[in-house]
Each structure stands twice: as structure tokens, then as C-alpha cells.
Amino acid sequence: QGNCLRKWQQLAAVVRKGKPAVHAASIRGAAEDLRSFILAMHEVSTPMAIPLVKSLGHLKFTHLLDLGGASGTWTIPFLRFNPRARATIFDLRDVIPLARRRMRAAGLAGRVRLVMPDRPGFGGSDDQDGRTLADWPSDVVGLADALGIERFAVVGVSAGGAYAAACGALIPSRLTAV
């Protein structure tokens, strides 16, 4: 729980700066800290995700792009309420195995593509000075083009929400929904 609170404490600074937080791992180690954080996010979000997605009514998108999708907590209800849709989850290299397990457990693995793009300065990518949140939508367009996705809905929760909003503002012609 302490690890989760430490990460949440840094969220605003990470979104504002566009750079990963610097923090020391707990006694359990960085991998276990990440797993615990993603699990906590899933446990907090799941009770909200299902009724919220259901309240949206008939969903018309054919492809959902989940930015920072983590374990797929939000992808699962979107796909269950739109049985013809497919999804792509973008997240960090260390998070994708957690999403893979959750998609298999949900019976959705065949409808979900897992992609590990590194935003500049995250994961294994070099930092690019001067980049802002507004630079991300052009990266999304490049990734969507490379994956053969013409139009898509975008969802982002927690820090991913800011990235989804930037896509909504800057690449509306590519989006079916935000």
C-alpha cells in the first residue's frame, strides 16, 4: 500500500514534466512494487469500470486504443460491451506481461494486441528535451499507422487520461471516441 501511495504522490509531476518519476524500490524490489501498484490500480478501477462503460450505451467503435492500459482493467468491459471490437493496449515493457495474463483470464486474448512503445525518456528510449504532452498524439498516429489502425477510440485512465485528452484535442480526425 505504501508503494502505491508513493507512486500516486508523484503522478502530477510525471504528467507535468513528461518524464518518469525517480524513486527507490521498496524492500520487496522494483518488480514486486510494479506488480503491486498495477494490482492496486486494477482493484480500485474495476468496480467503477463496468458500470461506467455500461452507462455509455451502444458503443460503435471497432478498435480501442488503451493508452497506459496496464492490466487491461478498462479494456475488458469495453470489449465485453462491444463484442465485435478489438483493442490494442500500449504500456511499458514490464507491465505488458500483467496485461497478457489478465486478457487470457478474461478470455479476450484473441481480441487484444499488446504493444510496448517507449515514450521518449521512458523505458529504454532516450530522452528528448523540450517534448510536451502535445507531442504524444503524433507518436500515436505513427504507431497506429504502423499497426494498420486507421480510426480508433482512445481511452486513458490515471496518467493515461492526459494522453488520451491530448489525442482528442490534436488528432480528432483519427478518433471515433475519447
**OP:** Have a look at I89, I96, I76 and point out the one that is open to solvent by less than 40 Å² (accessible area, probe 1.4 Å), of a type in the set (V, I, T), touching a helix residue (DSSP H, G or I) at 6+ places or on another chain (Cβ under 7 Å) and without any contact (Cβ under 8 Å) to a residue 60 or more places away in the chain.
**Re:** I89
**OP:** Would you confirm whether any residue within region 168-175 is in contact (Cβ under 8 Å) with a residue 60 or more places away in the chain and open to solvent by 20 Å² or more (accessible area, probe 1.4 Å)?
**Re:** no
**OP:** Would you be able to tell me the number of residues in region 144-178 that are modelled with pLDDT of 90 or more and part of a helix (DSSP H, G or I)?
**Re:** 14
**OP:** Could you tell me which of the residues P83, P51 is more than 22 Å from I38 (Cα to Cα), open to solvent by 60 Å² or more (accessible area, probe 1.4 Å) and free of Cβ contacts under 8 Å to residues at least 60 places away in the same chain?
**Re:** P83
Original post:
Looking at region 139-167, which of its residues are hydroxyl-bearing (S, T, Y) and open to solvent by 30 Å² or more (accessible area, probe 1.4 Å)?
Top reply: S158
Subject >> Subset of region 116-127 that is open to solvent by 50 Å² or more (accessible area, probe 1.4 Å) and touching a residue at least 40 places away in the same chain (Cβ under 8 Å) - its residue that is nearest to the chain's Cα centre (by Cα) >> reply: R119
Subject >> Among the residues listed as R113, R102, the single one being touching a residue at least 24 places away in the same chain (Cβ under 8 Å), assigned to a helix (DSSP H, G or I), more than 24 Å from A12 (Cα to Cα) and open to solvent by 50 Å² or more (accessible area, probe 1.4 Å) >> reply: R102
Original post:
Would you pick out the residues in region 54-71 that are touching a residue at least 24 places away in the same chain (Cβ under 8 Å) and within 22 Å of R174 (Cα to Cα)?
Top reply: L56, L59, K60, F61, T62, H63, L64, L65, D66, L67, G68, G69
Original post:
Looking at L108, is it at pLDDT 90 or above and more than 20 Å from I171 (Cβ to Cβ)?
Top reply: yes
**OP:** State which residue is surrounded by the fewest Cβ atoms within 10 Å (Cβ to Cβ) when the search covers only region 54-73 and only residues that are of a type in the set (A, V, I, L, M, F, W, C) and closer than 21 Å to L143 by Cβ.
**Re:** F61
Subject >> Selection status of V141, in a helix (DSSP H, G or I), farther than 16 Å from K17 by Cβ and in contact (Cβ under 8 Å) with a residue 24 or more places away in the chain >> reply: yes
Subject >> In region 64-81, the residues that are under 12 Å from S45 (Cα atoms) and not in a loop (DSSP other than H, G, I, E, B) >> reply: T75, I76, P77
Subject >> Some residue of region 16-23 being within 27 Å of W136 (Cα to Cα), part of a loop (DSSP other than H, G, I, E, B), at pLDDT below 85 and aliphatic (A, V, I, L, M) >> reply: yes
**OP:** Filter region 128-138 down to residues that are at pLDDT below 90 and in a helix (DSSP H, G or I) and give me whichever is most open to solvent (accessible area, probe 1.4 Å).
**Re:** L133
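The values are calculated or read from the model by the stated rules, or taken from the named source; none is laboratory data. Because the structure is predicted, anything quoted here is derived from the model rather than measured. Counting neighbours? That spans all protein chains shown, and the Cβs are built from the backbone with ideal geometry, glycine included. With ligands, DNA and RNA removed, areas are computed over all heavy atoms of the protein, side chains included. Shrake-Rupley method; radii C 1.70, N 1.55, O 1.52, S 1.80 Å.
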